[in-house]
Ligand SMILES: [Zn+2]
């Protein structure tokens, strides 16, 4: 055994940058930022009169711990299968999603207008990319560059053609390039946010959910077709008062967060103070949280790096699956989401092995709203039908025996 035990507290931050401060866990960090006292700092804030859109700082959101945690887990592990925020208006769903801008990690992204990727060549050969990228690839030049993960918002009036892509008027000779990239392709390796997801038309929502599940999708327009990567974290929000979400759609979201208004009067007052501070001078409020936001972003990036190493012991996984079965949940997505979010949580905590407490922390978000009344009734009907069939067959068999 080696005596060298490199402390996880030491960061190899590039020169000039201060190393990230470490909180014991993501939850600590969220609690710390939530509890930050604005009262004194606010006295120095004048009215800056800035009209530019600056997102509200994520860490300044009061309460809503589960929503904040779910969004952070989504940034750490895109395989959690999307996040659905369900709640009435004015509970900060959209504000929370937009405020993620401060925390978004880095990812490698295509530098080409057509979104060509080296993976395209690996799977589809050199013809799978545009002539410019084929040339670059042959010369050993990179087709991607590190870039910040982005937040892509789907406009409510988007047409199917905008979502999946359509014929490009500036079409080149190259077949693949005749199709303009749609929002789904642009969302590759990004976050895709859909507000009021329950108001989208079925064909659009199906296209989005299929692409989200496969990580890839194909568009056909007459004789032309093109395949795009669409590996994004889907975040949807909805107000249940404005129409329900089909159960099949609900099932396809990994984490489900029920967002309620703040119940505690002190929290409401603090939320009011922060919103007021933000409206008066957004930059001052953002500066107030800048240190913690920097720390949180660095922690998220580290957790992303650690994630591939994080494992879930088999014995624990079996116990968890037993629990899912006891709850009468059929969808396999339940355990995928549950295990992947527990892995993300362990990674955020700086550990390589998932523990029982990781599983229990994320269980409610991964498992709630999964039991389907319809499916239960369906199976009951099915079972009584089969019982009837079996007894009829038995009777038939019995009468045959009598005759012979
Ligand atoms: Zn290209």
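Overview of values
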| read-out | value |
| --- | --- |
| Top-ranked residue of the stretch 216-232 - restricted to ones that are assigned to a loop (DSSP other than H, G, I, E, B) and touching a residue at least 60 places away in the same chain (Cβ under 8 Å), ranked as surrounded by the most Cβ atoms within 10 Å (Cβ to Cβ) | 232 |
| Single residue of 284, 213, 271, 277 found to be surrounded by fewer than 18 Cβ atoms within 10 Å (Cβ to Cβ) and in a helix (DSSP H, G or I) | 213 |
| Residue 112, sole failed condition from (1) over 21 Å from the mean Cα position of the chain (by Cα); (2) away from the ligand (no atom under 14 Å from the Cβ); (3) surrounded by fewer than 17 Cβ atoms within 10 Å (Cβ to Cβ) | (2) |
| Among the candidates 235, 249, residue that is in contact (Cβ under 8 Å) with a residue 40 or more places away in the chain and in a helix (DSSP H, G or I) | 249 |
| Hits in the stretch 321-350 - residues which are touching a helix residue (DSSP H, G or I) at 6+ places or on another chain (Cβ under 8 Å) and outside any helix (DSSP H, G or I) | 327, 328, 329, 330, 331, 349, 350 |
| Failed criterion for residue 117 (all others in (1) farther than 29 Å from residue 333 by Cβ; (2) crowded, with 17+ Cβ neighbours inside 10 Å; (3) within 15 Å of the ligand (Cβ to nearest atom) hold) | (1) |
| Any hit, the stretch 129-137, residues being within 13 Å of the ligand (Cβ to nearest atom), at pLDDT 90 or above, touching a strand residue (DSSP E or B) at 6+ places or on another chain (Cβ under 6 Å) and farther than 25 Å from residue 266 by Cβ | no |
| Pair list, Cβ under 8 Å, 6 or more apart: the stretch 130-147 residue within 25 Å of residue 106 (Cα to Cα), other residue surrounded by fewer than 15 Cβ atoms within 10 Å (Cβ to Cβ) and at pLDDT 90 or above | 136/142 |
| Test for residue 56: is it in a loop (DSSP other than H, G, I, E, B), in contact with a helix residue (DSSP H, G or I) (Cβ under 6 Å, 6 or more places away or on another chain) and modelled with pLDDT under 65 | no |
| Conditions (1) modelled with pLDDT of 90 or more; (2) touching a strand residue (DSSP E or B) at 6+ places or on another chain (Cβ under 8 Å): number failed by residue 186 | (1) |
| Single unsatisfied condition, residue 85 versus (1) in contact (Cβ under 8 Å) with a residue 24 or more places away in the chain; (2) within 13 Å of the ligand (Cβ to nearest atom); (3) in contact with a helix residue (DSSP H, G or I) (Cβ under 6 Å, 6 or more places away or on another chain) | (2) |
| Among the candidates 318, 381, 371, residue that is in a loop (DSSP other than H, G, I, E, B) and free of Cβ contacts under 8 Å to residues at least 60 places away in the same chain | 371 |
| Residue in the stretch 145-159 that is touching a strand residue (DSSP E or B) at 6+ places or on another chain (Cβ under 7 Å) and within 16 Å of the ligand (Cβ to nearest atom) present | yes |
| Residue in the stretch 313-329 that is surrounded by 14 or more Cβ atoms within 10 Å (Cβ to Cβ) and closer than 27 Å to residue 191 by Cα present | no |
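The values are calculated or read from the model by the stated rules, or taken from the named source; none is laboratory data. All figures in this text were calculated on a predicted structure; none of them were measured in a lab. So basically every Cβ, Gly included, is an ideal-geometry build from the backbone, and we count neighbours across all protein chains shown.
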